[in-house]
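Working notes, structure below.
The values are calculated or read from the model by the stated rules, or taken from the named source; none is laboratory data. Note that the structure is predicted; figures quoted are calculated from it, not measured. Quick reminder, even Gly has a Cβ in these numbers, built from the backbone with ideal geometry, and neighbours come from all protein chains shown. SASA here: full protein model, heavy atoms, side chains in, ligands and nucleic acids out. Shrake-Rupley method; radii C 1.70, N 1.55, O 1.52, S 1.80 Å.
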Amino acid sequence: MKFAYKFSNLLGAFYRHGNLCFSKDGNSVISPVGNRISVFDLKNNKSETLPVSTTKNISCLGINPDGNLAILIDEDGAAVLVSLVTRAVLHHHHFHSPVHSVSFSPDGKKFVITKENVALMYHAPGRNREFNGFALDKSYYGPFDETTCIDWTDDSKCFAVGSKDMTTWIFGAERWANLIYYSLGGHKDIIVGCFFEKDSLDMYTVSQEGTLCVWESDTELEGLRKGEDGETRGDVIKGSTDTPKQVEGIKNVRYSQRSKHYFNKAGDFNKLTAAAFHKKTRILVTGFASGAFHLHELPEFDLIHSLSISDQRISTIAMNPTGDWIGFGCSGLGQLLVWEWQSESYVFKQQGHFNNMNSLAYSPDGQYLVTGGDDGKVKVWNTNNGLCFVTFTEHSSSVTNVAFTSSGFVVVSASLDGTVRAFDLHRYRNFRTMTSPRPAQFSSLAVDSSGELVCAGSQDSFEIFLWSMQTGRLLEVLSGHEGPVSNLCFSPVQSVLASVSWDKTVRLWDMLDSWETKETLRLTSDGLAVTYRPDGQELAVASLDGEITFWNPQTGGQAGSIAGRHDLQMGRKETEKITAKQSAKGKSFTSLCYSADGESILAGGQSKFVCIYNIKEHVLMKKFEISCNLSLDAMEEFLDRRKMTEFGSLSLVDEGTGDGDGVELSLPGVKRGDMSSRRFKPEIRVGSLCFSPTGRSWATASTEGLLIYSLDASLVFDPYDLDMDVTPASIRQQVKKKEWASAILLSFRLNEMALKREVLEAVPYDQITVVCSSLPDVYVDKLLNFVASTLEKSNHLQFYLSWAQCLLTLHGQKLKNRSGAVLPTVQQLLKSIQRHSDDLSKLCDWNIYNIRYAAALSKQRGMKRTAAESLIHTKISPSCSKAHMEHEM
């Protein structure tokens, strides 16, 4: 099963660079995250990262009007055509230079890309099958500097291109006699956006200095006349500053400037960085370098509202098809925001760690993940929807380690600011802050199985500090190591703490016996990581020489070792002068994690690979490549000779003066990026690894973000003990005969997911106990595993819970005897039940509230009715008595 783990999601990163797009229905926003794209479903509050990637970071993306195709273009101009339906790559193409923007025509037949000072129009891939997916139709020249933006008319007859030369060019998508090209000026800075009016040739242009020009055309779209020259594929249309020749009897299209508006007040300069326009509602959204945005109604330029959403520049803006939601991307902090302007509220607001992610930990039920980063933030993520639901910002320096307590409701974090903090996930607050007598920088953390003891190791004083979670008091300072404490780990079954240090020792501390050293294990090199097997019977240690050694914690003897230095396969940094092979000699694993069953171990370090080893055989089973993004450093094994000049590597040459993107220089020895440099290239590395308690997934905190690898759900046929008689037809025949136990056994031998579900759901409710009691032991584990995984997504809640209850009740003692093998399944079952419980409890609480409200309302009306009746009765009674008296008289 270890080979079936596939990339499933990317957490901790929401936006990096490029433009945002909304889906056709407007309910999802598609965001470029490094060299991948993520789809955020705003209605169902879920995220998904597509299993496709480009060679470098994505610079722009375009979605066709049907919403089923996407073009992803990276920094070098390499394009990938992706199906958003099948999540598969359909075609590769290279534009041979950086592309600034891409846009499909509204009819979906063409698309335009802008690169350098040219706009290229291609036939869009569609139902007509062609050998070349991207067939060039026309090339349009005109601007004298790089092109920046594109917009189409609603009928796809014309398109406009903005440029850095402060002009906007309008071209005909077909050969029009009265509109071949037209150039608009009027600006003093780079054009940020150009937009056509709805069903019109009238235009709006927005420039970087904060100026809006409104242009009026003397011709309607219906007034465009076909040219006499026939069209041929590959035409080149060259615009110039001269007026195009006029065809006899046909008047050329002319533009006039109707008005000009300014976003910045007098004396205030705020650079305009992004713009978007919704044609139906005529709303213009503009974003600025200060993090503010404005909403204006055009053409009157009436301000609807303005708001500051960030302290970083807004990189991109997009509006959904209905015009209700506005998407903002801020590349400085990696923020992605969706704003509903009518109600003035956030629909979606997420931000990853804007610096390196150092550590991660799963909650005991596998539902949540906690991460800590160099930005001093602790974030808790929901593994079901991939979104962050709480961020703790109390730390004032890098968070080096995080952990969950056994209850799953407390998160503990250690930081370089000299504090260990405990956070409550019920009230979302920091309820404990633990410090040392003298200031110390904590680099490692461990919490015992009871959740009562918290330990942290120091980088500078070589000591381990022990606190009580209940009181927050410092219980003991454990001394003995002669070097920085690099990692700590508590035994899952005993009160024993394992600590590993740069002094080439692993120390086992007995927490019950005066906190003394129980055992000292000698290593051949500096110790970097230590972890216990889930059953507590084995200890794995990673050292600086690239070895993973296994120890028996009871006897203190070494059980085996794995030489993993050659498996790391380091890349070569651009600034290094030695080969990757030589560089790898000094590399080692810095993070270890056992699988849920304890049969294999994950190892990662300063490399793009995560290795999984079989412990019993001491062999490498598989290497997972966590990234193929060449925008990161240390990715390539050999230096590109094309980047080498007589002056050395091009990466060492300072090409800029700080304008725009700046330079890519960092100080020697800097691993995490030099904050003083204007731009740096982050180095690929794995900061932390963790297996889910359910055993169905594992996560890694890397330079790319938080990557989740899950068991491949598409693996539908995995037969067990198969013979010729086991066919779907024979299984369905057994179901018709009401031979339930036999049908279940046969379906599990064929092991086809859909068929297993069909057979299980055909069993009558009152027969579940009988069927469970007659199952052989080998099939009990398989059925329980199937029930646990199906329960998570099935609506038949009571039905599958009844299966789980019967299996655990009737076979509980036998399952307990092999608890190690069954534990991941039980954890998965607990996770599914907990998720349903959370969903149903919210619904039930809401229903109870509504019933109480209705009951109180009816009671109140009943009281009013009783009061009204009594009032009427009191009014009638005096009048009756008066009439009676008059009658007697």
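Have a look at 492, 437 and point out the one that is touching a Pro at 6+ places or on another chain (Cβ under 8 Å) and assigned by the TED database to the domain that holds residue 367.
Result: 492 is the single residue among 492, 437 that is touching a Pro at 6+ places or on another chain (Cβ under 8 Å) and assigned by the TED database to the domain that holds residue 367.
What's the number of the condition residue 424 fails, among (1) buried (at least 21 other Cβ atoms within 10 Å of the Cβ); (2) within 20 Å of residue 380 (Cα to Cα)?
(1)
Considering only residues of the range 599-638 that are of a type in the set (S, T, N, Q) and under 16 Å from residue 688 (Cβ atoms), which is most open to solvent (accessible area, probe 1.4 Å)?
Of everything passing the filter in the range 599-638, 606 is most open to solvent (accessible area, probe 1.4 Å).
Looking at 264, 252, which is the one that is in a loop (DSSP other than H, G, I, E, B) and within 14 Å of residue 208 (Cα to Cα)?
Only one candidate passes the filter, namely 264.
Filter the range 316-334 down to residues that are in contact (Cβ under 8 Å) with a residue 40 or more places away in the chain, open to solvent by 20 Å² or more (accessible area, probe 1.4 Å) and touching a Phe, Trp or Tyr at 6+ places or on another chain (Cβ under 8 Å) and give me whichever is nearest to residue 402 (Cα to Cα).
Within the range 316-334, the match that is nearest to residue 402 (Cα to Cα) is 331.
With the range 347-448 as the region, which strands (runs of 3 or more DSSP E) entirely inside it contain at least 3 residues that are of a type in the set (Gly, Ala, Ser) and touching a Cys at 6+ places or on another chain (Cβ under 8 Å)?
No strands (runs of 3 or more DSSP E) qualify here.
Going through the range 282-302 one residue at a time, which ones are closer than 21 Å to residue 198 by Cβ and open to solvent by 50 Å² or more (accessible area, probe 1.4 Å)?
Across the range 282-302, the qualifying residues are 282, 297, 300, 302.
So which residues in the range 455-464 are more than 14 Å from residue 510 (Cα to Cα), in contact with a strand residue (DSSP E or B) (Cβ under 7 Å, 6 or more places away or on another chain) and either free of Cβ contacts under 8 Å to residues at least 12 places away in the same chain or of a type outside the set (Asp, Glu) (or both), if there are any at all?
Correct list: 456, 457, 458, 459, 462.
Residue check: is residue 819 within 37 Å of the chain's Cα centre (by Cα), modelled with pLDDT of 80 or more and over 29 Å from residue 754 (Cβ atoms)?
no
Do we have residue 337 as surrounded by 14 or more Cβ atoms within 10 Å (Cβ to Cβ), modelled with pLDDT of 90 or more and among the aliphatic types (A, V, I, L, M) here?
yes
Would you mention how many residues in the range 54-104 are of a type in the set (Asp, Glu) and open to solvent by less than 20 Å² (accessible area, probe 1.4 Å)?
Counting residues in the range 54-104 that are of a type in the set (Asp, Glu) and open to solvent by less than 20 Å² (accessible area, probe 1.4 Å) gives 1.
Which fully enclosed strands (runs of 3 or more DSSP E) of the range 141-238 have 1 or more residues being surrounded by fewer than 16 Cβ atoms within 10 Å (Cβ to Cβ)?
The strands (runs of 3 or more DSSP E) meeting that bar are 235-238.
If you go through the range 554-591, how many residues are at pLDDT 90 or above and crowded, with 18+ Cβ neighbours inside 10 Å?
4
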